[in-house]
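The values are calculated or read from the model by the stated rules, or taken from the named source; none is laboratory data. Given the structure is predicted, the values throughout are model-derived calculations rather than measurements. For neighbour counting, all protein chains shown are included, and Cβ atoms are generated from backbone atoms with ideal geometry for every residue, glycine included. Keep in mind that these areas ignore ligands, DNA and RNA; they rest on the heavy atoms of the full protein, side chains included. Shrake-Rupley method; radii C 1.70, N 1.55, O 1.52, S 1.80 Å.
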Amino acid sequence: MIELNMPINEIRYFDCGSWEFPQMQKHIDKVEKFIKIPINRMKYKYTLDYLFSEKKTKNGYIGYGFPTMVYRWCTGKKRDTLNKGIKNNIFYIGYTIDELSRLNNLSMLKRTNKKFPLIDWGWSEKDCLDYCYSQGFNWDGLYNYFKRVSCWCCPFQSLNGLRNLRKYFPELWKRLLEMQKLRISQKYDNYKTSDMSISFRMDGTTAFDLDKRFELEEKQEELF
């Protein structure tokens, strides 16, 4: 967009705080220095950790727990924060040509102020990564381990992504297990919690279940 002299009066980035990969935070700093345009690092009024386990919700629950397909509360907080104050301004969204199906969302299509330059250019996710790599951006190798880089504790990651989190980012995996332990303890300490928000995955799988699974897989690999 900068190379094409497209108008940009603000760049917004939602800072996930402790849920963000440290490599991603370094990447944002690097991008800002490269493009020489300030990036507005936006935060919600509460931290994601607080919302996860401490905030009292309208229905009396303590903490939102792990997000689910039914209630992706973290996505909502990000969206509301990034949309704040935007009225008739043009809002550029980074959907790629691989994500055309996302435009079937009627509410998205009705927002005439939203533009999708990557789709207009016919760029795929691979095209975007190749371009970024050509400009010297590599996220310290994050995309070598993950197909998508969002919050490191996101339950919607692929199993392979979670395997890699455990194997290559053990400190973050340890924190995920601590989050799981906290959420389970809250349930059994008689806090009012949603059963769906206790488990890590929608099928009822906990982070401890995954930890045991990945450990067994590693032992089997050693045998062969």
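Numbers below:
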read-out: Selection within segment 75-102 - of a type in the set (A, V, I, L, M, F, W, C) and in contact with a helix residue (DSSP H, G or I) (Cβ under 6 Å, 6 or more places away or on another chain); value: Ile97
read-out: Of all residues making up segment 209-224, the number that are assigned to a helix (DSSP H, G or I) and either surrounded by 10 or more Cβ atoms within 10 Å (Cβ to Cβ) or among the hydrophobic types (A, V, I, L, M, F, W, C) (or both); value: 11
read-out: Inter-residue pairs, beta-carbon under 7 Å, first farther than 15 Å from Met69 by Cβ and modelled with pLDDT of 95 or more and in segment 145-157, second open to solvent by less than 50 Å² (accessible area, probe 1.4 Å) and acidic (Asp, Glu), 6+ apart; value: Cys151/Glu20
read-out: Enumeration of residues in segment 190-208 that are within 18 Å of Asn59 (Cβ to Cβ), in contact (Cβ under 8 Å) with a residue 40 or more places away in the chain and surrounded by fewer than 20 Cβ atoms within 10 Å (Cβ to Cβ); value: Tyr191, Lys192, Ser194, Met196, Ile198
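So that you can scan it fast, the table gives a plain yes or no per residue for (1) closer than 22 Å to Phe21 by Cβ; (2) exposed (fewer than 11 other Cβ atoms within 10 Å of the Cβ):
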| site | (1), (2) |
| --- | --- |
| Leu103 | no, no |
| Trp121 | no, no |
| Tyr133 | yes, no |
| Gly136 | yes, yes |
| Leu142 | yes, no |
| Val149 | yes, no |
| Phe156 | yes, no |
| Phe169 | yes, no |
| Tyr188 | no, yes |
